[in-house]
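Everything below concerns the one structure shown next.
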């Protein structure tokens, strides 16, 4: 098992960062437009990719706005099921927020772990760009019907 860590500082207050991580509107803006989110303890989030050929189902295990968010993966590729994803937010001076990300218990082959780690790193940059108003597009867009 491998744990994946990322840490990034975002020039936005913690409540805005938390909303981008825990709401349907926020997640659609920077991650995947195919997001359905019921943000409450025990609530579910569903994230679709590549015209729903891949769908992840996450349970909200912890919601402590604007400090901590934890998901458990209950559905998706087998190597994801049973893993936990957490975001710890720490308010810094001048309205900045430090985001500490952990994808725990990743159980995959080394190549898959490397690819997942790279993807999460890119996603953290997308989150930052979204919240800081830099030009970007959500990483995963729903194709035109």
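All of the numbers you see were taken from the coordinates with simple rules; none came from a lab. What you see is a predicted model, and the numbers here were worked out from it, not measured in a lab. Heads up, the Cβs are rebuilt from the backbone with ideal geometry, glycines too, and the neighbour counts pull from every protein chain shown.
Here are some notes:
- Residues 49, 60, 87 arranged by fewest to most Cβ contacts within 10 Å: 49, 60, 87
- Residues of the stretch 6-39 with an amide N closer than 19 Å to a point placed 7 Å from the Cα of residue 96 along the Cα-to-Cβ direction: 6-18.
- The calculated 222 nm mean residue ellipticity attributable to helices in the chain amounts to -8500 deg cm²/dmol, summing -39500 (n - 2.57) over DSSP H runs of n ≥ 4 and dividing by all residues.
- Theoretical gain in end-to-end length, residue 67 to residue 33 [0.36 nm per residue, Cα-Cα removed]: 9.8 nm
- Among [x] 38, 33, 28; [y] 42, 39, 30; [z] 60, 40, 22, the entry derived from the coordinates for Cα extents along the principal axes in Å: [y]
- Residue 16/residue 115 FRET efficiency (R0 25 Å; Cβ-Cβ; nearest 0.05): 0.25
- Extending 7 Å from Cα along the Cβ direction at residue 2 and again at residue 23 yields two label points whose distance is 3.5 nm.
- By the count of neighbouring beta-carbon atoms within 10 Å, fewest first, 2, 83 end up ordered 2, 83.
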